[in-house]
């Protein structure tokens with residue numbers, strides 16, 4: 001088992017610079033978020049979460065092939081200069097050339113779509129504080145939350161007035177519609193093999 005270093009023990013401090021965080025991430029196999037000087041561990045994913053991720057990511061790869069947009073998995077770190085957040089969304093879709101941060105060449109900025117697969121331990125954060133931070137991304141067009149316990153996909157899309165509007169998809173015949181990418185994905189395909197509670 002790989003040794004996991006706690007940031008406080010590693011640096012003997014409770015607040016960190018972005019440079020210290022990035023160095024810490026290079027030395028640690030676990031993923032962490034960084035926000036305003038604080039480093040927080042990101043929880044692992046359940047088997048059901050991984051099934052849903054694989055289904056959705058596979059659909060995006062297929063449907064976006066040949067377009068100017070490309071999906072990236074949770075190994076891609078995203079940085080939001082407007083509020084200092086470094087994080088690893090479950091899926092990021094970037095349209096056009098990938099642009100990396102001036103702070104770190106391995107960290108991307110300016111995604112078009114972000115997707116989080118909700119778990120009981122992260123749903124409140126993903127719907128609340130994290131969404132507030134994501135809204136600072138000037139390129140972001142849609143933010144999708146996919147429930148891992150029940151059939152439910154929530155799409156937050158920014159309208160022409162700059163306001164975020166919610167669309168919900170929660171029936172098996174429905175398809176998740178992503179207007180910014182000009183595609184739709186049947187919920188049945190997203191949840192195939194997930195063995196939901198309902």
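Each reported figure results from applying straightforward, stated rules to the coordinates on display, with no laboratory input. What you see is a predicted model, and the numbers here were worked out from it, not measured in a lab.
Brief remarks on what is shown
- For region 79-163, the alpha-carbon radius of gyration amounts to 1.10 times the rule-of-thumb value 2.2 N^0.38 Å expected for a compact globular protein.
- With one equal scatterer per alpha carbon and no solvent term, the Debye-computed log10 I(q)/I(0) for the chain at 0.08, 0.16 1/Å reads -0.27, -1.07.
- Secondary structure note: in the chain, about 80% of the DSSP beta bridges are antiparallel.
- For the chain, calculated [θ]222 nm from helices alone, where every DSSP H run of n ≥ 4 adds -39500 (n - 2.57): -6500 deg cm²/dmol
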